Each structure stands twice: as structure tokens, then as C-alpha cells.
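Worksheet for the structure shown next.
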Number of protein chains: 2
Amino acid sequence: MKSSVFQVESMVVPGGTESIVRGGRDLFPLLPEALHGVERIGVLGWGPQGRAQALNLRDSLAGTGITVSVGLRPGSASAEDARAQGFSEDDGTLGDWLEVAAASDLVILLIADAALAANHEQIFAVLKPGATIGLSHGFLLGHLTAIGSDFPAGHPVIAVCPKGMGDSVRRLYQQGATVNGAGINASIAVHADPDGHGWDRALAWSIGLGSPYTFATTLADEYRSDIVGERAILLGAVHGLVEAMYRYFRIDGADPVTAYERSTEAITGPIARTISNDGLVAVRAACGDQDLFDRAYSAAYRPARDLVAEIYDEVADGTELRSVILAEQRLATRPMTEIGGSPMWSHSTEVHARRGTPDHTVWYGGSEGDGVAGVDAVTAGLFVATMMAQVDEFAARGHAWSEIVNESVIEAVDSLLPYMHARDVAYMVDNCSRTARLGTRRWGPRFQAAYEQIALPHLDRPADPTLVKDFEDNPAHDALAAAAKLRPSVDISV
Amino acid sequence: MKSSVFQVESMVVPGGTESIVRGGRDLFPLLPEALHGVERIGVLGWGPQGRAQALNLRDSLAGTGITVSVGLRPGSASAEDARAQGFSEDDGTLGDWLEVAAASDLVILLIADAALAANHEQIFAVLKPGATIGLSHGFLLGHLTAIGSDFPAGHPVIAVCPKGMGDSVRRLYQQGATVNGAGINASIAVHADPDGHGWDRALAWSIGLGSPYTFATTLADEYRSDIVGERAILLGAVHGLVEAMYRYFRIDGADPVTAYERSTEAITGPIARTISNDGLVAVRAACGDQDLFDRAYSAAYRPARDLVAEIYDEVADGTELRSVILAEQRLATRPMTEIGGSPMWSHSTEVHARRGTPDHTVWYGGSEGDGVAGVDAVTAGLFVATMMAQVDEFAARGHAWSEIVNESVIEAVDSLLPYMHARDVAYMVDNCSRTARLGTRRWGPRFQAAYEQIALPHLDRPADPTLVKDFEDNPAHDALAAAAKLRPSVDISV
């Protein structure tokens with residue numbers, strides 16, 4: 001990563017340093033220079049990422065003369081919301097996707113993965129000479145590789161990949177309007193750089209989105225960590241874990257609301273907040289029964305690591321991508337089934353209503369009714385073991401530490417889990433990107449089975465001292481602390 | 001399918017007829033003629049199929065002068081059992097796999113799929129000119145296609161694929177020694193036929209194994225239906241279903257033994273026996289609450305069909321095969337985790353001990369204690385819906401009816417479920433072929449999640465009259481009745 005405009009800093013991480021760039025609204029005046037001749041930015045698609053990025057970029061570039069336009073497919077149902085947000089056919093900031101692509105100097109491709117797979121050729125065909133192709137994750141590279149194709153020559157290909165869902169990208173940018181740098185961290189990659197300005201343009205785009213700190217990756221590394229992460233600790237594993245724990249507590253005699261609180265609420269509430277504020281080891285300290293945490297951690301680490309390794313292999317091999325394409329073909333004629341019908345979710349409203357009521361004892365651990373506001377040690381042990389399994393697998397596969405902690409920890413506790421806390425896990429799974437939804441359906445049940453069939457039945461075995469020590473000494477804690485120093489002083493409010 | 005030795009009959013199936021050959025011990029004297037010059041048969045591998053086929057063929061060919069030898073890898077732990085069964089280095093009927101392959105006129109490849117993928121080239125290299133390559137399922141074709149390779153030219157390539165696990169192939173052959181034709185049905189395929197005797201050799205091999213009726217398929221069709229079937233109704237779906245139902249009944253207040261009986265025992269016992277003896281529609285009639293059966297059927301059919309279609313796509317596309325290869329690479333350094341740790345299985349002994357005891361009310365339906373010896377309507381509805389989903393998906397993909405009903409119904413109720421009844425489902429899953437074990441781990445949890453998250457929450461919806469009518473009028477019932485006429489008059493005893 002290099003820049004002729006922004007200051008590149010070194011962040012100390014385990015085993016060395018990594019180059020990062022700190023964001024901030026004070027840098028917005030530098031964006032036009034860094035964009036090197038980009039006068040028109042076209043954002044194709046109005047999903048959560050398209051919407052958030054178009055709005056943030058328009059706000060950040062206000063007054064610079066650089067326009068941000070939104071391109072939609074003919075008849076898109078999103079046009080109404082885009083108009084309500086001020087994009088307009090009249091002034092040319094809203095239009096047909098191919099026309100917007102043809103008129104833009106930077107074309108940001110934020111349509112759904114399957115649509116991108118089906119339509120990238122006609123988009124490439126209309127690009128201006130030398131126009132920059134912008135991506136927000138590496139899916140298209142994986143697809144092009146799989147079909148033996150490539151990006152068109154002569155075009156810069158860059159990526160800015162926010163480490164949070166689209167809604168967070170917008171919401172934290174707005175909530176941080178008065179806090180310099182509040183937003184979602186992002187990784188950037190320069191895949192093709194024919195004019196030598198790829199890094200500056202990517203940095204400008206990232207800073208314009210509000211990223212507090214931007215780190216470098218490659219499209220291939222980003223693709224792997226992003227797709228694996230959402231199938232593991234970010235979505236799939238969380239869904240599998242709460243389904244397993246809910247039934248575990250129910251069979252153990254808990255009423256539905258308590259079982260919900262000890263499983264889902266514990267993770268999306270106190271566990272996420274504890275990790276966000278004080279790191280991973282603090283979760284263990286917050287458990288009343290630390291030996292039980294250690295035993296749960298020890299029972300879950302190996303099966304969780306096995307699953308993360310399996311997912312990683314399938315993603316790196318292209319198998320996972322094939323399955324997404326096959327699923328989209330099947331789903332062409334019928335809607336994806338929803339998972340929100342699971343019994344637990346019918347109690348969401350009741351659970352949420354109890355939050356903060358005076359006569360409701362917040363209870364996440366210890367014995368029922370004793371009012372310990374800690375975290376359930378079994379739920380916590382399984383969750384943290386899975387998070388560390390992903391961290392360790394990513395480290396073993398050679399990912400940069402910024403990418404590891406953002407994709408395994410920060411994105412979870414600062415973006416996704418707060419959303420799940422506000423809605424619920426099933427709502428999240430039924431409303432994220434189609435690739436993520438398909439991946440969660442595919443891998444969530446695998447995690448559930450691993451917890452039910454391997455981890456939970458082994459809770460009575462003594463903790464594995466080697467695993468516990470590896471957890472305490474894990475280099476991820478230092479990497480996370482380094483990243484935390486760059487964390488904006490505003491918590492997301494959903 | 002054609003034969004110059006055996007009588008090819010026409011079996012009436014929905015939409016036409018299919019060619020089949022009836023088996024029987026009276027045909028054993030014809031085997032040498034049908035084998036057309038095969039003097040030495042080499043069976044490579046001593047897994048359940050290798051063991052069963054080597055023993056059955058040796059018994060069927062006794063006195064003909066045709067020898068059956070077993071080939072094992074150097075240092076194989078199976079040598080001891082092979083010797084105990086009468087194969088011997090001294091008389092040349094037990095030896096190194098490559099030496100046995102080099103000395104045989106028909107080389108039957110029954111080593112594990114991954115070993116076959118890794119070692120087929122060195123086996124092919126030592127074959128006698130014109131020696132016949134024998135397979136018992138289509139895995140190797142899938143692998144060769146995936147790596148852009150092929151079988152060596154000049155060799156007949158034939159397959160005989162028993163529609164039951166190896167233990168059943170041996171056990172039913174022995175138990176049916178006095179009943180002409182008792183054994184496990186098999187499909188046969190001729191993939192390469194340079195000398196024109198492929199069908200006769202395959203028929204001889206099938207009849208020699210004890211197959212009561214043999215039907216024709218292709219290696220590709222066999223591969224797809226076999227791999228999909230074991231991932232769906234034969235193993236994966238059964239495992240997912242009993243895990244889901246056990247927890248469902250436990251949360252509903254049932255004690256562990258009753259929950260086990262209403263889930264696993266109901267399927268492996270009365271449901272399997274009812275289907276085997278009286279067909280699929282009879283299961284509905286055996287339920288005390290037929291409306292509940294219809295509602296359970298209606299709630300489960302679509303999610304089950306979606307999953308079978310997904311599995312079929314992944315198998316046909318080669319994705320599933322890639323995942324097996326990737327898993328074997330990961331597992332090279334550590335054992336596969338077992339699934340038998342799930343809480344239910346700790347009650348197997350207790351459940352089995354209650355069978356047939358005078359004071360134990362056999363209870364599978366109605367209200368607890370009322371002694372209705374029917375089947376649990378919810379368990380039955382979900383199971384039969386999944387079985388029909390597989391039947392319908394196979395029919396939609398153009399499989400022969402003999403293959404459909406054998407791979408979806410007969411193999412389940414006459415081979416696998418009786419074994420699960422004798423052991424338990426987890427034991428089966430932990431002890432079947434590695435490809436099947438991996439597939440069950442992969443897809444069982446998906447079925448569990450589909451039942452838990454989609455089917456069971458919708459039990460209170462009215463039954464779908466179209467789905468119920470489609471079930472009652474399904475052409476599979478006629479195909480099953482036609483196959484049943486060829487069924488030997490001996491039940492498997494495990």
C-alpha cells in the first residue's frame with residue numbers, strides 16, 4: 001500500500017508491522033486529488049452496500065464537483081427508495097445501470113453476486129476506456145477464475161471492502177458525523193493498476209465511506225476471509241450455536257424466554273459488548289464459573305476448527321462458489337425458504353421487551369434468579385472457541401493480522417452482533433446478501449450439529465490446559481489491541 | 001441389457017417396461033459360461049463390500065474351478081480376518097493387491113473411494129491385456145471425469161452395484177441359502193464392452209452375489225442415485241430426522257427413552273417393516289391420527305425436496321466429489337470425529353432392552369400409555385415425505401424406476417434400517433463407507449435444520465390436499481409392487 005496523498009502508518013502486529021491509513025473527515029478535502037481524474041462515480045445496485053456507499057460517498061464528496069450516480073436494472077423496485085434519498089433521473093444521478101456504467105470514471109459493482117456472475121460481460125463492454133472497476137469483495141475474481149475468464153485489460157481494478165454490513169456502513173457514518181473517523185473499517189486491494197493510481201483511488205473511496213482505518217489485502221485473500229468469515233463466526237456459526245444452545249437449555253428445563261436469553265441474548269448482548277470493550281480474554285473473566293468456560297472452550301475448539309478448515313478449503317477450491325451458482329439456478333423459479341420459523345424466534349418480542357425493565361433480573365449466568373449479570377459460561381466458551389478457531393485458521397493460512405481480527409472479531413462485535421441484538425439472528429440471516437444467506441443455510445446446521453453431537457456431550461471432560469493456554473497467549477489479543485487504538489469513540493446504536 | 005445365457009424379462013413399470021433378470025441358486029451352474037473365459041476373479045479390498053462379495057462369489061462358484069482371490073495393501077489389518085474366512089497366501093487366494101490385480105481376469109475394485117482415486121493408475125498399469133475392470137459403484141467414473149482422465153482402453157469396464165450395505169449382501173445370502181434367490185437386489189452397468197461379453201459377465205457376478213433381481217443402469221446414473229441416496233433417505237436424512245425428532249419430543253416433555261422410541265425406534269422398527277411388507281401408503285393407514293400424518297407430510301415435503309435437489313445438483317456437478325477429496329486430505333493427519341456422542345445414543349441399550357419385554361407397552365403413537373402399537377404420525381409423516389421427495393426428484397431427473405425404488409425405498413427398508421434397528425443410527429453413520437460417512441456429516445445436519453426450522457414449526461397448518469393426493473397416486477407404488485413380486489420370501493435378520 002502506497003499513497004502520494006495520505007499518510008501511510010505502520011501498525012505493530014504479531015510478528016511485524018502492517019501498513020494502514022487512518023481515516024477522518026478532515027481528509028475529505030483530499031479526496032478529489034486522490035481520485036486522480038475521477039469526475040463521475042457510478043454505484044451499480046441498491047442493496048444494503050450499494051445504498052450505504054452511494055449515500056456516504058455523495059455526502060463525503062459534497063461540494064467537490066464529483067458526482068455520485070446510482071445505476072439500477074430496468075424496472076428495479078429500488079428506484080423509489082433511491083429517489084427518496086435524493087438521487088434523480090432529472091439530474092442524471094439515477095439511471096439505467098448500463099448507461100450509468102458507460103458514463104462513469106469509477107464504476108462500483110454492488111449488484112448481487114449471482115447478477116454479477118450473469119451480467120459482468122455486458123457491463124465490461126460499455127465501460128469508458130480506462131474507467132476504474134470497483135468491487136467490494138472478491139466474489140467476481142473467484143467467478144472469473146472459475147470460468148477461465150478475467151477482468152478486461154486496460155482498466156484499473158480496485159476493491160474497498162467494508163468489514164461490516166451495509167446498514168452499519170451508513171449508520172455509523174451518520175452517527176459519527178461529529179466524531180472524526182467514526183465508521184466501519186475496510187480493507188483495500190489493487191488487482192490491476194495500469195495508470196499507477198490504484199492505491200490512492202481505493203484509499204479515497206475507503207476514507208470517503210468513513211473507514212476509521214484502512215488496511216491492505218489482495219482480492220483473493222479478501223474473498224477467502226470474507227466468504228469463510230460470514231459462513232463461520234459472523235453468521236453461520238452464530239446461527240448454529242444459538243439453535244443448539246436454545247434446545248440444550250430447553251431440554252435442561254429452561255422456559256423458552258430464559259433459554260433464548262442464555263443463548264442468543266448472551267451472545268448478541270454482553271459477550272459482544274465485553275469483547276468489543278475489553279477483548280476476548282475478558283469474556284472468560286466475566287463468567288461466574290471459569291472452569292466451565294474452559295471446559296466448554298476445550299470441547300468446542302477442535303470441532304469448530306475442523307469446520308472452519310473445511311469451509312476454507314471449499315471456498316479456496318471454488319466448490320463453495322459452485323454451490324452458490326447451482327443454488328441460484330434452483331432458486332430462479334421459487335423463493336428461498338426462510339429460517340425464522342424456528343421456535344426460538346417467536347419469543348424475540350417478549351425477550352426484547354424484558355430488556356431494562358425494573359423487575360427483570362438480567363440473568364446470563366450463575367443460578368436462575370441470583371441476578372448475576374455475567375455471561376453464561378457454556379454459551380461463552382463455545383462462542384469464544386469458535387471465534388478463536390477462525391482466528392487461528394486464518395493465521396495458519398497466512399492472512400494479514402488486520403484482516404484476521406477485523407473479519408473474525410471486530411466485524412462480529414461492532415457490526416453484526418449489535419444488529420442481531422436489535423432484530424434477531426434469524427432476521428439477520430433472512431435479510432443479508434444472498435451469498436451470505438445461502439452460506440448460512442449451508443454451514444449453520446453443520447455448526448449446530450458439531451456443538452450438539454461433539455462439544456456439548458463432552459462438557460464434563462476436564463479442560464485442556466494446552467488449549468486454554470494457547471487461548472490466553474494468542475497473538476490475536478495484541479493485534480486486536482492495536483486495532484482498538486484506532487477504534488472511533490462511538491458505539492453503534494441500532 | 002442383453003444375455004446369451006440368462007433369461008431377460010420385462011418388468012412393467014410406470015410408463016413402460018424395464019429389462020430385468022431374476023436371480024436364483026439354480027442359475028449358479030451357468031455362471032462359468034456367462035463369465036466368458038474369466039478363470040480368476042480378484043477382489044481388491046476387504047471392507048464390508050469386499051468381504052461380502054469375495055465370500056459370496058467364492059461360495060457361488062465352488063466346484064467350478066474359477067478361483068476368487070483377495071488382494072490387500074501391504075500391511076493391511078484386514079489380512080487376519082480374510083485368513084480366518086479361508087483365504088490364504090499358501091494357495092494364492094490372498095496376496096498383495098497389485099499381484100492379485102495382475103493375476104486376475106476380472107478385477108473387482110472394492111477399496112475405499114479415496115484410495116481408488118489415489119491409486120487407480122498403478123492398478124490399471126498391472127492389468128492383464130483384456131482383463132475386465134469391475135466396480136460396485138460409479139465413484140471412479142466421477143473421479144476420472146473430474147481429473148480429465150479415463151479408463152484404460154481395451155478393457156471391459158462393468159459394474160455390479162448391490163442396493164444394500166456389504167453386511168446385508170453377505171447375511172441375506174447366507175440366510176437365504178435354502179430360499180432360492182434370497183439376497184440384495186443389484187443394478188448393473190456396462191461402461192466399456194470391447195469383447196461384447198460385458199452384460200453376461202455383469203449378470204453372472206450379480207447372480208453370484210445372490211441378487212434376486214438385477215436391473216440395468218449406467219455408471220453415471222448409478223453414481224448419482226447412489227451418492228444422492230446415501231446422503232438423503234438412506235443415511236443423511238434419517239440421521240438428521242432422528243436428531244430433530246428426539247429433541248422435539250424431549251422439549252415436548254418426553255423422557256429420553258420415550259423420545260428415542262418415538263423418533264429412532266419408530267423409523268427403524270414399525271415404519272420400515274410396514275413399508276417393506278405393505279408399501280408406503282400403509283404407513284399413513286398405520287398412524288392413529290391420519291390428519292396429523294398428512295400435515296407432517298405436507299410440512300416436510302417441500303424442504304426435503306429442496307434438499308434432495310440441492311444434493312443432486314452438487315453430486316451431478318462434481319462439487320460433492322471435490323468435497324470428499326478435500327476432506328480426505330484434511331483427514332490424512334487426524335481421525336474423523338464420531339457423531340455417536342449425541343445424547344440420544346447413550347440410551348440405545350436401554351431402549352433395545354425394552355423390546356419385547358412383557359411389561360413394556362410398545363408405544364409409537366397415540367397418547368403415552370394407551371398401548372397403540374401404531375407409528376408416531378409426525379415422525380412417520382416427515383420420514384415418508386422425505387422418501388417421496390427423493391423418489392420424485394429421481395423420477396424428474398430421468399432415472400429408471402427399478403433404480404428409483406431400490407435406491408429410495410427397498411435399500412432403506414430391507415437393508416439399512418434393519419441394521420440401524422439392530423445397532424443404532426449413529427453406529428451406522430460412524431461405520432459406513434468413508435464417502436458415505438462424510439456425506440452424512442455434510443447433509444444430515446441440513447435435514448435436521450430443515451425439519452426443525454421449516455417443517456415442525458408448520459405442523460399446525462392444514463394438510464396440502466394436492467401433496468397428499470400426489471402421494472396417494474404416486475407411480476412409485478406400482479413400481480414398488482412390481483419389485484415386491486420379485487422379493488425373496490425371507491426377511492433379513494440382523
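On inspection, A:ARG40 passes the criterion of being farther than 30 Å from A:LEU438 by Cβ, touching a helix residue (DSSP H, G or I) at 6+ places or on another chain (Cβ under 7 Å), assigned by TED's automatic domain parsing to the domain that holds A:PHE151 and charged (D, E, K, R).
Among the residues of the stretch B:241-253, those identified as in contact (Cβ under 8 Å) with a residue 60 or more places away in the chain and farther than 18 Å from B:MET428 by Cβ are B:ARG247, B:TYR248.
Listed by first and then second residue, the pairs linking a residue in the stretch A:133-156 that is without any contact (Cβ under 8 Å) to a residue 24 or more places away in the chain to a residue that is surrounded by 14 or more Cβ atoms within 10 Å (Cβ to Cβ), with Cβ atoms under 6 Å apart and 6 or more places separating them unless they lie on different chains, are A:ASP150/A:LEU144. For first residues located in the stretch B:120-131 and in contact (Cβ under 8 Å) with a residue 60 or more places away in the chain, partners that are in a helix (DSSP H, G or I) and surrounded by 15 or more Cβ atoms within 10 Å (Cβ to Cβ) and lie 6+ apart or on another chain with Cβ distances below 8 Å form the pairs B:ILE123/B:TRP97; B:ILE123/B:LEU98; B:ILE123/B:ALA101. Evaluating B:LEU234 against the criteria (1) under 19 Å from B:ARG441 (Cβ atoms); (2) within 14 Å of another protein chain (Cβ to nearest Cβ); (3) outside any helix (DSSP H, G or I) leaves one unmet condition, (2). Would you say A:ARG250 is under 30 Å from B:THR319 (Cβ atoms), within 13 Å of chain B (Cβ to nearest Cβ), of a type outside the set (Asp, Glu) and in a helix (DSSP H, G or I)? So A:ARG250 does not fit the description; no.
When the residues of the stretch B:1-52 are filtered to those that are touching a Ser or Thr at 6+ places or on another chain (Cβ under 6 Å) and not in a strand (DSSP E or B), which remaining residue is nearest to B:GLY198 (Cα to Cα)? Filtering first and then ranking leaves B:MET1. Residues that are in a helix (DSSP H, G or I), hydrophobic (A, V, I, L, M, F, W, C) and surrounded by fewer than 23 Cβ atoms within 10 Å (Cβ to Cβ) within the stretch B:253-266 comprise just one, B:VAL257.
Here's the yes/no breakdown for (1) surrounded by 17 or more Cβ atoms within 10 Å (Cβ to Cβ); (2) under 27 Å from the mean Cα position of the chain (by Cα):
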position	(1), (2)
B:TRP46	yes, yes
B:ALA52	yes, yes
B:ALA77	no, yes
B:ASP105	yes, no
B:GLY142	yes, yes
B:PHE151	yes, yes
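Kindly evaluate B:ARG201 against the criterion of being charged (D, E, K, R), touching a strand residue (DSSP E or B) at 6+ places or on another chain (Cβ under 9 Å) and surrounded by 21 or more Cβ atoms within 10 Å (Cβ to Cβ). Answer is yes for this residue.
Considering only residues that are closer than 17 Å to B:VAL21 by Cβ and assigned to a helix (DSSP H, G or I), which ones fall in the stretch B:174-185? Selection gives nothing. Somewhere in the stretch B:277-284, is a residue buried (at least 22 other Cβ atoms within 10 Å of the Cβ) and of a type outside the set (A, V, I, L, M)? Taking every residue of the stretch B:277-284 in turn, none turns out to be buried (at least 22 other Cβ atoms within 10 Å of the Cβ) and of a type outside the set (A, V, I, L, M). Scanning for something farther than 23 Å from B:PRO156 by Cα and in a helix (DSSP H, G or I), does the stretch B:87-107 turn up at least one residue? Checked the stretch B:87-107: no residue is farther than 23 Å from B:PRO156 by Cα and in a helix (DSSP H, G or I).
Selection of helices (runs of 4 or more DSSP H) fully inside the stretch B:267-326 by the criterion of at least 2 residues being of a type in the set (Lys, Arg) and within 14 Å of another protein chain (Cβ to nearest Cβ) returns B:290-317. So which residues in the stretch B:13-42 are in contact with an Asp or Glu (Cβ under 8 Å, 6 or more places away or on another chain) and either β-branched (Val, Ile, Thr) or without any contact (Cβ under 8 Å) to a residue 12 or more places away in the chain (or both), if there are any at all? Across the stretch B:13-42, the qualifying residues are B:VAL13, B:ILE20, B:VAL21, B:VAL38, B:ILE41.
Search the stretch B:153-174 for residues being of a type outside the set (Val, Ile, Thr) and over 19 Å from the mean Cα position of the chain (by Cα), and hand back the single one that is surrounded by the most Cβ atoms within 10 Å (Cβ to Cβ). Top of the filtered list is B:PRO156. Is it the case that B:ASP195 is in a loop (DSSP other than H, G, I, E, B), farther than 30 Å from A:TYR260 by Cα and touching a residue at least 24 places away in the same chain (Cβ under 8 Å)? Answer is yes for this residue. Out of A:GLY371, A:GLY341, one residue alone is modelled with pLDDT under 90, within 14 Å of another protein chain (Cβ to nearest Cβ) and not in a helix (DSSP H, G or I). It is A:GLY341. Report yes if some residue within the stretch A:482-489 is under 30 Å from A:GLN175 (Cα atoms), away from every other protein chain (no Cβ under 14 Å) and among the polar types (S, T, N, Q); otherwise report no. Scanning the stretch A:482-489, I find at least one residue that is under 30 Å from A:GLN175 (Cα atoms), away from every other protein chain (no Cβ under 14 Å) and among the polar types (S, T, N, Q), so the answer is yes. For the stretch A:1-19, the set of residues classified as over 18 Å from A:VAL190 (Cβ atoms), out of contact with any strand residue (DSSP E or B) (no Cβ under 8 Å at 6 or more places or on another chain) and surrounded by 13 or more Cβ atoms within 10 Å (Cβ to Cβ) consists of A:VAL12, A:VAL13, A:PRO14, listed by residue number. B:ALA285 satisfies every condition listed in (1) without any contact (Cβ under 8 Å) to a residue 24 or more places away in the chain; (2) more than 30 Å from B:HIS352 (Cα to Cα) except (2).
If you go through the stretch A:425-470 and keep only what is more than 14 Å from chain B (Cβ to nearest Cβ) and within 30 Å of A:PRO335 (Cα to Cα), you end up with A:MET428, A:ASN431, A:CYS432, A:SER433, A:ARG434, A:THR435, A:ALA436. At least 2 residues being surrounded by fewer than 23 Cβ atoms within 10 Å (Cβ to Cβ) and charged (D, E, K, R) is the threshold, and among the helices (runs of 4 or more DSSP H) wholly inside the stretch B:406-488 those reaching it are B:434-450, B:465-472.
In the stretch A:260-271, the residues that are farther than 13 Å from A:TYR248 by Cα reach residues that are hydroxyl-bearing (Ser, Thr, Tyr) and part of a helix (DSSP H, G or I) with C-beta atoms within less than 8 angstrom, at least six apart or across chains, in these pairs: A:ALA266/A:THR379; A:ILE267/A:THR379; A:ILE271/A:THR379. Of all the criteria given as (1) within 11 Å of chain A (Cβ to nearest Cβ); (2) part of a helix (DSSP H, G or I); (3) surrounded by 15 or more Cβ atoms within 10 Å (Cβ to Cβ), the one not satisfied by B:MET336 is (2).
The values are calculated or read from the model by the stated rules, or taken from the named source; none is laboratory data. Computed from a prediction, not measured in an experiment: that's the story for all the values here. Here Cβ is always computed from backbone atoms with ideal geometry, including for glycine, and neighbour counts include all displayed protein chains.
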